[in-house]
1. Looking at A:Tyr28, A:Tyr56, which one is among the hydroxyl-bearing types (Ser, Thr, Tyr), facing chain B (nearest Cβ under 10 Å) and surrounded by fewer than 22 Cβ atoms within 10 Å (Cβ to Cβ)?
2. If I filter segment A:31-53 down to residues being open to solvent by less than 10 Å² (accessible area, probe 1.4 Å) and more than 19 Å from B:Glu228 (Cα to Cα), which single residue comes out as nearest to the other protein chains (Cβ to nearest Cβ)?
3. Of all residues in segment B:416-433, which are at pLDDT 70 or above and assigned to a strand (DSSP E or B)?
4. Of the conditions (1) charged (D, E, K, R); (2) over 30 Å from A:Lys85 (Cα atoms); (3) at the interface with chain A (Cβ under 9 Å from one of its Cβ atoms), B:Asp213 fails just one. Which one is it?
5. Would you check which residues across segment B:247-266 are outside any loop (DSSP other than H, G, I, E, B), within 14 Å of chain A (Cβ to nearest Cβ) and surrounded by fewer than 23 Cβ atoms within 10 Å (Cβ to Cβ) and list them?
6. From the set of residues in segment B:319-333 that are assigned to a loop (DSSP other than H, G, I, E, B) and under 25 Å from the mean Cα position of the chain (by Cα), which is farthest from B:Ile391 (Cα to Cα)?
7. If you go through segment A:63-70 one residue at a time, do you hit one that is more than 10 Å from every other protein chain (Cβ to nearest Cβ), modelled with pLDDT of 95 or more, surrounded by fewer than 15 Cβ atoms within 10 Å (Cβ to Cβ) and more than 30 Å from B:Glu293 (Cα to Cα)?
8. For segment B:117-165, give me each residue that is polar (S, T, N, Q) and either open to solvent by less than 10 Å² (accessible area, probe 1.4 Å) or in contact with a strand residue (DSSP E or B) (Cβ under 7 Å, 6 or more places away or on another chain) (or both).
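The values are calculated or read from the model by the stated rules, or taken from the named source; none is laboratory data. Please read these numbers as outputs of a predicted model, since none were measured by experiment. Virtual Cβ from ideal backbone geometry, glycine too; neighbours counted across all protein chains shown. Side chains included, ligands, DNA and RNA excluded: accessible areas come from the protein's heavy atoms. Shrake-Rupley method; radii C 1.70, N 1.55, O 1.52, S 1.80 Å.
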Amino acid sequence: MSSCIVDFGQLGGRAYAGRPNGQAAYEYFHIDKMMSECEIVSVKFPDDTKTLTSSYFLGCFGKTIIEMGSEEAFRKKFKMENPTKLNGIISKCIKTALIATSY
Amino acid sequence: MKKVTDSYTFLQGKRYQRWLKNQEKAQPLVNNASVVNKEAHLEHFRTISRRSLPSKKIPRWTPASRPPKQRLELKIPEDFSLLGNPEDVLDIISQLSHMGEDRQVVSVHIDHSKMLEDDLAAEILLGQTVAYIEASRKKKGGKFHVSGTYPQDREKIRLLNSVGVVKELNAKNDHEDSDVEKVQIFKRHGLLHEELNIHVGDQKSRAITGFTDYLNSCLATIGKVLTEKGEQRLGEYVGEIIGNAEEYSGTGYWHIYGYVDGTNPEKIYAEVVIYGLGQSIYDSFDGKRNNHEVYNRIEPYVSAHSHLCSERLLTTVAALQQFVSTKIDEDPTRGQGTIDLLEFFNTISRECIEGLSENKISKLKLITGGVSIDVDGTYLPQQDANGRSTIYFNDLNVESMPPNEKYVKELNGVSFPGTLITIKFPLRDDSLIKESGDDNV
């Protein structure tokens, strides 16, 4: 894997919304390959991000979080670089994905 | 801006009285309604006509002349708000849609003079229905004349002129009102058959960005601005609702409207209406009856209370819970959007409930098919022992009790062909907005 960076700044717009868009980002960045080939993945949300929705984030990382099995394991591999205002939604999404598997 | 003096106010009052007197003569609002390019709306309201069959007759239509050319008068009731009187509003929209298909009906007079209460959602639906009829007639080479009488309240006149039927028809606006500059409107629509392209973004993402920019421009009028957190959260929830409307309606077509009347800085409310036409929540679950993974999430609740409430109503309540989705078989993390919205509403309504008068309480209504759900802060989402957010609209917030029929009810004889959410809240929550120039988030 030549690059282990998921840079949302490469994508159009600054509002990251909708599960289909999140799933498309998963495909575009080859996150499945990064899971197996990268020790650390750098995930960057631009400073001028307007909004991130839980559907988008879960569409992109939901499967991966479930596969990793814990917030600690996910965050150890996927290093988040994001504006502070996204901290809440990202934490919430990680917890949601983990709860979903037990429901 | 003109300086407001006693003489100015007096003259405005006189002018207003004169104007009201003229209205009694029922001057037509529309003299030169231009051809309205409403292809998309036309498609929408065909759907409303087809599905919302008027089973409840309200005697408000009066033929003012005899066939073959009929001139009809539509008397808008005292409460023409979807928040307060959804059945009459939908009934009027439904009847109007059907009348519009009758070529013998050549004109309609819409009389708002007795109306005391309305809201953004009702006026949008009315305006778009009339615009659809006019566009449809023009397409077929016919004519449809619309006239009307304004309501008495100036706030409501501004709503009609800026987003309601007068605006939709580009009609002649007889009423001078300098305060109309303080009204700010936002509207965006989804695109049919929009292709997914993550490099250019989509209409939904642009709408979210536009909506937060819009709210900031509204807040600027009172020297405030959204906090970073407020911008994220509002965008998040609006995005979730539009995303749901786009994915689940079956049409991919949604609308979002925002309306803020900043005339009175002490009482600034934001109204937001988001709707998608197509399938209702019940319709989409009904189509998944044979999918056990999906249906097993709602079936126990529906069975437990089916002797008390309709399956339609219970399915809708069950569908609001976290991790309940018609696509849960594809992805176990689905089923977040509505519960997120209700949690957001908790944030914006909490401050209003504590110690404030009842008329300041925020309101949210969800109408999907023939089911109406009111949210005013009485029942709010809570996490169960497993951390799952639920809202069952009963005092203990438990699945084993039926929902309170005051908050969750079936509409009598009418239905909305899709899902509509209307929210009214004061722009004053400190967790979402701050003073302009204040660096603290």
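1. On the way: A:Tyr56 fails: surrounded by fewer than 22 Cβ atoms within 10 Å (Cβ to Cβ).
From the options A:Tyr28, A:Tyr56, the qualifying one is A:Tyr28.
2. Per the criteria, the residue is A:Ile31.
3. So the first thing to find is which residues in segment B:416-433 are at pLDDT 70 or above, and the list is B:416-427.
Listed by number, the residues that qualify are B:Phe416, B:Pro417, B:Gly418, B:Thr419, B:Leu420, B:Ile421, B:Thr422, B:Ile423, B:Lys424, B:Phe425, B:Pro426.
4. Result: B:Asp213 fails condition (2) only.
5. Narrowing segment B:247-266 to residues outside any loop (DSSP other than H, G, I, E, B): B:247-248, B:254-261.
Going one step further and asking which of them are within 14 Å of chain A (Cβ to nearest Cβ), we end up with B:247-248, B:254, B:256.
Hit for segment B:247-266 is B:Glu247, nothing else.
6. Taking segment B:319-333 as the starting set, the residues that turn out to be assigned to a loop (DSSP other than H, G, I, E, B) are B:320-333.
From what's left, under 25 Å from the mean Cα position of the chain (by Cα): B:320-322, B:324-326.
Numbers: B:Leu320: 7, B:Gln321: 6, B:Gln322: 9, B:Val324: 12, B:Ser325: 15, B:Thr326: 18 Å.
Result: B:Thr326.
7. Taking every residue of segment A:63-70 in turn, none turns out to be more than 10 Å from every other protein chain (Cβ to nearest Cβ), modelled with pLDDT of 95 or more, surrounded by fewer than 15 Cβ atoms within 10 Å (Cβ to Cβ) and more than 30 Å from B:Glu293 (Cα to Cα).
8. Start the filter on segment B:117-165 by keeping residues that are polar (S, T, N, Q), which leaves B:128-129, B:136, B:147, B:149, B:152, B:161-162.
Scanning segment B:117-165 gives B:Gln128, B:Thr129, B:Ser147, B:Thr149, B:Ser162.
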